[in-house]
Each structure stands twice: as C-alpha cells, then as structure tokens.
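K.L.:
Starting off with a structure, shown below.
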Amino acid sequence: MPIAFEKVNFKYAPNTPFAYEALKNIDLAFEMGKVTAIIGPTGSGKSTLVQHLNALLLPSEGTVLVLDRTITNKHKPKELKSLRQRVGLVFQFPEYQLFEETILKDIMFGPLNFKVPEAQAKVLAMNALKLVGLDESFAEKSPLDISGGQKRRVAIAGILAINPDVLVLDEPTAGLDPQGSKAMMELFLRLNKENGKTILIVTHDMEHVINYCDNVVVMKDGEVINHQRVTDYFERKTQVEDIQMNLPQLLMFKEALLDGGFEFKQPMRYLEDLAEAISKEIKR
Amino acid sequence: MNNIALGRYIPLNTFTHKLDPRFKILGMLILMVSVFFPSGFIGYGVIAAFVFIALLFTKISLKMILKSMKPMIFMLSFLFVINSLVIRTGYVLFNIYGFTLYSDAVFQTLYIMVRLTLMIIITTLLTVSTKPMDLTLGIEDLLSPFKRIGLPSHEIAMMISIALRFIPTLIDETNRIMKAQASRGVDLKEGSFKEKIMAILSLIVPLFVSSFQRAEELADAMEARGYVVAQHRTRYKQLKPTYRDTVMMGGVLSLLGVIIWLSL
C-alpha cells in the first residue's frame, strides 16, 4: 500500500487576489517502512505537502494515494477518521494543541476520538508517555504547568497513542535542546526499526537527515527537485548547497581532510566510518 | 472562515486607495449620514449611483459585494414577516384568508434593505481600500481634537490597530489548532452532543492559552522598545491630503446637499 502523489497541484485561496500556488505538479512516491526526510527552504511547500497525507488539505488538481484511500478534489472524501487513525500527523509546535485538565486525559483524547475503549486508551496513553521519556508522575499533572520541551513530548505522545501506521512529523525538534531533540529522533528511529512504522519527517537539520533517515525528498518553490537515498544525496556537495543548506558536520570535516591531502574513496555516513577511514589513512 | 473576506483590505493602486485615510473616514461618515436622510427612493437612487461610481473607482466587482451579502437574506426575510404582521398602514395589496398585506410593510422592508445594502457597501469601500494601519492613523488624527477633554486618542488608536493586527493571526491560529485536533480524530460535523462540546473545547482552550501568551509577549516586546503609555511620539508615516481628497470631499458634500434638498 503506497503513499504517492500523482501530478498534484495545490493553490491557497484560489480565485481571489490572494491566490498562491504552494505545490506544483508533484509526482512522488514514499517508500513504506522507511524513514524519509523532507527538506527545503522555508516556504518551499513542505508543510503543505504533509497536510495532504491525512486529507487536511485536498489537492487542487491531481491525486494523492494514501494507503488504501484515493484523495482527489472531485468528490469529497467521506469518513476521514479511519484515514487519520492510520496516518498520524504531528504539527509544528504541537504543544499548542494541549487542552485537557491532565496530561493523561490529553493523551487519551486521540484514542477516545477513534472509539478505542477507555481502559485500553489509558494503557495506550501510559505507554506513549513512557515512549516519549516522561515517567508516570506526569500523568496527573496539568499539561499547562510543564516546560515547553515536556509539552512537546506530551503532544507527540498524543499522536503516538493513536498508534498510526504512518507517522508524519513537521519539524518535531524545532526549538528543543540538543539532548531532547536527539532523544526524540532516536525514538522515531526505534518506532521505525522495531514497530515497522513508516516515518516522514520535515526538518531543517542536516545532522538528523544523515544520522536517522533512509531517504530524502528535497523541495524548492513548491516542487520536488530531488528524491534519493540519503547516502547518495550527500555524495554530491553541490546538491546540498543548491538549497542554501550546509553539509552535516561530519561531511564538512571530511571535505576539509580531503583538501588537506587525505584520500577517501568509500562513502561515509556515521562517525565510526570516518574514524575508521582516518586510521587507515594514517597507517598507510 | 471565508465570510471574513468581506471588507478585507485588497492591495490595489486605485483612486480610492490613494486617498488620505482621514478624509476617507470623513467622507464615509457623510455618506452614512446621507443614507439616513428620509429622501425617498429618488434620493436612494442618487446615493446608489454615487456609490456605484465609487465602486468603479475602487475596482471592486459588484459580484463580490453581492456574494458577501448572502447572509443578509435570512435577516431580511425575517424582517419582512414581522413587518407584514405589524404594519397596518398604506393601501391593501392583497387579502388571503383574512390576512391583509399592506403596502407600507413592503415599502418599509425595501427601505431597510436599501439602507443596509448601501451601508455595507460604503463601509466595505473604506476597509477594502485602506490598510488597517492607515485606518487607525486616520482615526487617531480625527479623535485628536478630543484630547482636550481627556480622550486618550492615541491609546484608542493603538488598541484598535493591535486588535486589527491580530485578527488574521488568530484566524491562522484557529485553523492550525483545528487541523491539529482533526489529526487527533476531532470531527466538528459528526458525533454526539457531548463529543461536539469536547471538540469545541479542544479548540477554545488552546486558543485562549496562546492568545494570553501572545498578549504578554507583545506587551514585553513593546516595553523592551521603550513604549510608554501617554508619551508624546512622532510618526514615521505622515498623512498628506492631495487633490484627490478635494475631489472626493467635493463629490460627497454635493451629494449630501442634493439629499438634504430632496428630503425637504
């Protein structure tokens, strides 16, 4: 079951003086069971793209295939709940969506909306709370009394508790401290490896792309300009510079070593690869 | 959310857009006053012609205006029912099963319809062609003579401009939270009464929280830049009347003259 865009165009405020074409002729198929990063400059259409995945936005033209559903502009899709249960979307700065009296109730809100029995919703919520690294003592606190980083975790737990097959995250680590964002990314990777969930992450952080993602989709001005394996993508430095982004630190270091006379042939991704290559070079 | 488009500023470069906001507000007030003179249908015809020309000058299509007045149909039909039951003057139009419809009921309703339509078009003309910021500058200037009697004209203008500034922000915020909650299975259209209450709650609570947060942040940001209430301050944007304002005021005032003459 695929997630695919076929010739998708999307216009905000069509037929008004404010009309704006956010997506232009998108043809794209995401690989299931992988972690895919969606990168690109601000305003390139990343957030608009991901909102099509659970039919919050309908394409102005073209077709979006999500799991067993076909979403077009022609006929209004009915009964979107089942789709939204299977495709969980975490918005940018999701901490603003918290509203319940207690954190536990807030996390249970999603599952209950999808008609999960109360007792089971509670179990799901406690599990999700644990997954995002908060202990049980948080369950009865008010979601408005905790720190910003903790709110973010609670909001993400609120989607995880729904237990979707596909998890879509719009800049989940923006504004988190480095440790918190590392823990977050490791959680997503674990959900992918252990539970086989398909994960799509909108991000600006190239370190996250190289360390945690399998594929990368590059967007610019509402178009997909690149869709590759992460390892292939970073092979060509110019591709990264084209969208005004920096290479990950590891690759910048590698570039500097190459300039300084080192010779590496193999592609590199993790710190261990680089360390090994350097020691080989030094021994030679 | 699309209804809010009525009266929203549309960035164009027309005669009306280039008018001085102070005179535009004055002109609008005079037009409103002339709508309330009992000048009969001929008078309204004259005003309608004037307003139509103004619409042409502002490059707004009549279609847009008509579309935005759809919600009024319900109110007008309600009014017509009430009027036809209450008003018992004028000649009898027809009589069915003991119910008599008098001509004045129809005329009264028509009167109110024409007045409301004209009022809406006139206010739309102002807001469509004036940036909210310019509008508040104009209000501030027009209120400044009342400073002598202790009216805080600058503060009033500041409050209005902040409120206007945050309307689109709040709309965006509402949309965002609605989408976020929709992703968590909220459905405002379906579900039982209790579920609907929860759905609305899940929208209102976050909206309140973020509004208060925003207000506090804005206050801090203003203070950090040295904003002190009741302090005299100069202005970056200076308003200057041009020949266009003379033309517009001349037109509006002569219209008022005609209307007064017609209602004598």
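The values are calculated or read from the model by the stated rules, or taken from the named source; none is laboratory data. These figures come from a predicted structure and were not determined experimentally. In this analysis, Cβ positions are derived from the backbone assuming ideal geometry, glycine residues included, and neighbour counts consider all displayed protein chains. The area values use the complete protein model at the heavy-atom level, side chains included, leaving out ligands, DNA and RNA. Shrake-Rupley method; radii C 1.70, N 1.55, O 1.52, S 1.80 Å.
K.L.:
For region B:67-88, check the following and say yes or no: at least one residue is within 14 Å of another protein chain (Cβ to nearest Cβ) and either touching a strand residue (DSSP E or B) at 6+ places or on another chain (Cβ under 9 Å) or open to solvent by 20 Å² or more (accessible area, probe 1.4 Å) (or both). Steps first, please.
P.N.:
Taking region B:67-88 as the starting set, the residues that turn out to be within 14 Å of another protein chain (Cβ to nearest Cβ) are B:67-68.
Of the ones still in play, those that are also either touching a strand residue (DSSP E or B) at 6+ places or on another chain (Cβ under 9 Å) or open to solvent by 20 Å² or more (accessible area, probe 1.4 Å) (or both) are B:67-68.
For region B:67-88, residues within 14 Å of another protein chain (Cβ to nearest Cβ) and either touching a strand residue (DSSP E or B) at 6+ places or on another chain (Cβ under 9 Å) or open to solvent by 20 Å² or more (accessible area, probe 1.4 Å) (or both): present.
K.L.:
If A:Tyr212 meets every condition in (1) farther than 20 Å from A:Leu53 by Cβ; (2) assigned by TED's automatic domain parsing to the domain that holds A:Leu49; (3) open to solvent by 20 Å² or more (accessible area, probe 1.4 Å); (4) of a type in the set (Phe, Trp, Tyr) apart from one, which number is that one?
P.N.:
(1)
K.L.:
Same structure, new question: Inspect region A:139-155 for any residue being of a type in the set (Asp, Glu), in the same structural domain as A:Gln85 (by TED's automatic domain parsing) and under 14 Å from A:Glu95 (Cβ atoms) and give the result as yes or no.
P.N.:
Initially, region A:139-155 is screened for residues of a type in the set (Asp, Glu), giving A:140, A:145.
Of the ones still in play, those that are also in the same structural domain as A:Gln85 (by TED's automatic domain parsing) are A:140, A:145.
So of that shortlist, the ones also under 14 Å from A:Glu95 (Cβ atoms) come out as A:145.
Yes.
K.L.:
Can I ask one more? So how many residues does region B:243-264 have that are open to solvent by 50 Å² or more (accessible area, probe 1.4 Å) and within 28 Å of the chain's Cα centre (by Cα)?
P.N.:
First pass over region B:243-264, keeping only residues open to solvent by 50 Å² or more (accessible area, probe 1.4 Å): B:243, B:246-247, B:253-254, B:258, B:260-262, B:264.
Checking the rest, the ones that are also within 28 Å of the chain's Cα centre (by Cα) come to B:243, B:246-247, B:253-254, B:258, B:260, B:262.
Number satisfying all stated conditions: 8.
K.L.:
Kindly evaluate B:Ser103 against the criterion of being surrounded by 15 or more Cβ atoms within 10 Å (Cβ to Cβ), assigned by TED's automatic domain parsing to the domain that holds B:Asp245, without any contact (Cβ under 8 Å) to a residue 60 or more places away in the chain and over 24 Å from B:Arg8 (Cα atoms).
P.N.:
Values: surrounded by 15 or more Cβ atoms within 10 Å (Cβ to Cβ): no; assigned by TED's automatic domain parsing to the domain that holds B:Asp245: yes; without any contact (Cβ under 8 Å) to a residue 60 or more places away in the chain: yes; over 24 Å from B:Arg8 (Cα atoms): yes.
When the stated conditions are applied, B:Ser103 does not pass them.
K.L.:
Take region A:154-184 and flag every residue that is of a type in the set (Gly, Ala, Ser), open to solvent by less than 10 Å² (accessible area, probe 1.4 Å) and part of a helix (DSSP H, G or I). Talk me through it step by step, then tell me what you get.
P.N.:
We begin by selecting, within region A:154-184, every residue of a type in the set (Gly, Ala, Ser); these are A:155, A:157-158, A:161, A:174-175, A:180-181, A:183.
If we keep only those that are open to solvent by less than 10 Å² (accessible area, probe 1.4 Å) too, we end up with A:155, A:157-158, A:161, A:180.
Within region A:154-184, A:Ala155, A:Ala157, A:Gly158, A:Gly180 qualify.
K.L.:
Then there's this: List the helices (runs of 4 or more DSSP H) that sit entirely inside region A:39-148 and contain at least 1 residues that are open to solvent by 30 Å² or more (accessible area, probe 1.4 Å) and within 11 Å of chain B (Cβ to nearest Cβ). Full working, then the answer.
P.N.:
Details: elements: A:46-51, A:81-86, A:103-113, A:118-131.
In region A:39-148, A:46-51, A:81-86, A:103-113 are the helices (runs of 4 or more DSSP H) which contain 1 or more residues that are open to solvent by 30 Å² or more (accessible area, probe 1.4 Å) and within 11 Å of chain B (Cβ to nearest Cβ).
K.L.:
So, in region B:190-227, exactly how many residues are open to solvent by less than 70 Å² (accessible area, probe 1.4 Å) and of a type in the set (Val, Ile, Thr)?
P.N.:
Adding up the residues that qualify gives 2.
K.L.:
Same structure, new question: Hey, does region B:193-214 have a residue that's under 30 Å from B:Gln238 (Cα atoms) and either over 27 Å from the mean Cα position of the chain (by Cα) or more than 9 Å from every other protein chain (Cβ to nearest Cβ) (or both)?
P.N.:
In the first step, residues of region B:193-214 are kept if they are under 30 Å from B:Gln238 (Cα atoms); the result is B:214.
Those left that are additionally either over 27 Å from the mean Cα position of the chain (by Cα) or more than 9 Å from every other protein chain (Cβ to nearest Cβ) (or both): B:214.
Checking region B:193-214: at least one residue is under 30 Å from B:Gln238 (Cα atoms) and either over 27 Å from the mean Cα position of the chain (by Cα) or more than 9 Å from every other protein chain (Cβ to nearest Cβ) (or both).
K.L.:
Residues of region B:111-166 being in contact (Cβ under 8 Å) with a residue 40 or more places away in the chain, of a type in the set (Ser, Thr, Tyr), in a helix (DSSP H, G or I) and crowded, with 19+ Cβ neighbours inside 10 Å, which ones?
P.N.:
B:Thr117, B:Thr124, B:Ser129
K.L.:
I'd like the full set of residues that are under 19 Å from A:Arg284 (Cβ atoms) and outside any loop (DSSP other than H, G, I, E, B), limited to region A:257-271.
P.N.:
Within region A:257-271, A:Leu257, A:Leu258, A:Asp259 qualify.
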